[in-house]
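Heads up, the thing below is written out as structure tokens.
The values are calculated or read from the model by the stated rules, or taken from the named source; none is laboratory data. Note that the structure is predicted; figures quoted are calculated from it, not measured. Here the Cβ positions follow ideal geometry from the backbone for every residue, glycine too, while neighbour counts run over all protein chains shown.
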Amino acid sequence: MQAENEIKQQRKRKHKPYPTSRELVNTIIDAVATFEGHPNDFPDYVYKLLEQKGYSTKFVTVKRIWATYEKLVRKRVISDRLGVVESNDK
């Protein structure tokens with residue numbers, strides 16, 4: 001009986017939630033404000049912040065982080081502090 005209860009509790013354990021797009025945007029905005037280092041290290045810093053907030057980073061890719069960063073720069077929500085987005089202004 002006790003073994004069955006333990007198995008049921010193990011099945012009920014929830015995994016960490018995955019970050020929504022809005023949560024990823026907010027984390028990237030926070031990361032840009034506090035990050036100091038080479039742009040190659042930026043995705044790792046974002047992963048670290050997401051994990052500190054209690055999110056699973058299993059399905060958050062580096063490509064998604066950079067695409068979100070670029071979208072925020074192009075919409076002028078954040079400035080390109082890392083210097084990685086090419087400008088189309090001519």
Q) In region 10-41, which residues are modelled with pLDDT of 70 or more and farther than 17 Å from Lys53 by Cβ? A) Glu36, Gly37, His38, Pro39, Asn40, Asp41
Q: Mind listing just one residue for me: the one in region 28-42 that is assigned to a helix (DSSP H, G or I) and acidic (Asp, Glu) and, of those, farthest from Thr68 (Cα to Cα)?
A: Asp41
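Against the definition (outside any loop (DSSP other than H, G, I, E, B) and modelled with pLDDT of 95 or more), how does Ile7 come out, yes or no?
no
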(Q) Any residue that is surrounded by 12 or more Cβ atoms within 10 Å (Cβ to Cβ), touching a helix residue (DSSP H, G or I) at 6+ places or on another chain (Cβ under 7 Å) and not hydrophobic (A, V, I, L, M, F, W, C) - is there at least one of those in region 15-26? (A) yes
Q: Scan region 69-87 for residues that are in a loop (DSSP other than H, G, I, E, B) and either aliphatic (A, V, I, L, M) or out of contact with any helix residue (DSSP H, G or I) (no Cβ under 9 Å at 6 or more places or on another chain) (or both) and jot them down.
A: Lys75, Arg76, Val77, Ile78, Leu82, Val84, Val85, Glu86, Ser87
Q: Go through region 47-80 and give me each residue that's buried (at least 17 other Cβ atoms within 10 Å of the Cβ) and either closer than 16 Å to Pro17 by Cα or among the acidic types (Asp, Glu) (or both).
A: Tyr47, Leu49, Leu50, Tyr55, Thr57, Val60
Q: Report, by residue number, each residue of region 43-68 that is in a helix (DSSP H, G or I) and touching a Pro at 6+ places or on another chain (Cβ under 9 Å).
A: Leu50, Val62, Ile65, Trp66
Q: Select from region 49-65 the residues that are on the phi < 0 side of the Ramachandran plot and more than 8 Å from the chain's Cα centre (by Cα) and list them in ascending order.
A: Glu51, Gln52, Lys53, Tyr55, Ser56, Lys58, Phe59, Thr61, Val62, Lys63, Arg64
